[in-house]
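Before any comments, here is the structure.
Since every read-out is calculated from the coordinates, none of them should be taken as a lab result. Only a predicted model underlies this, so the values are computations on that prediction, with no experimental measurement involved. With ideal geometry, Cβ positions are generated from the backbone for all residues, glycine too; neighbour counts draw on all protein chains shown.
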Amino acid sequence: MALNLSSASLIACSNLQFNSLNTEARKLNLLVKCESKESSGESDIRRSKLAIGSPVIVIEAPKMIKTAASVPCLRANSGLVKPGDVGRIISRKPKDVWAVRLSIGTYLLEGKYFKPLELDE
């Protein structure tokens with residue numbers, strides 16, 4: 001039985017299936033595209049409010065912190081970054097990681113550890 005597929009067929013898959021599907025796709029000359037289905041309305045709204053220069057407030061202290069220097073340093077958070085600390089977004093990194101300038105320095109923080117600070121005008 002022969003498969004009649006165009007040269008650029010598109011298959012959606014989960015991240016777990018990607019490696020096995022990718023090798024099969026090469027044999028069949030397919031294009032594999034993996035998408036995350038973790039899209040919630042609240043996270044999309046939160047991400048739209050985050051931009052470079054936006055003020056943010058830390059809502060949960062990360063266990064490990066990484067400096068945003070040219071030679072980053074990863075260390076245990078021994079009370080340096082605390083809930084309630086306020087900072088500004090300096091840059092965006094891959095996978096929902098942001099460089100945030102706090103009063104003690106600039107650190108790379110995941111988006112789950114802070115939220116946009118809403119200022120009353």
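Within the shell defined by Cβ-Cβ distances under 9 Å, the residues around TYR107 carry a net charge of +2, with Lys and Arg each +1 and Asp and Glu each -1. Rounded, prolate or oblate, given the Cα gyration tensor of the range 62-116, with a/c below 1.5 counting as rounded? Taking the square roots of the gyration eigenvalues as a ≥ b ≥ c, the range 62-116 is rounded.
Highest mean packing first, where packing is the average number of other Cβ atoms within 10 Å per residue, the peptides 106-118, 69-81, 89-101 line up as 106-118, 89-101, 69-81.
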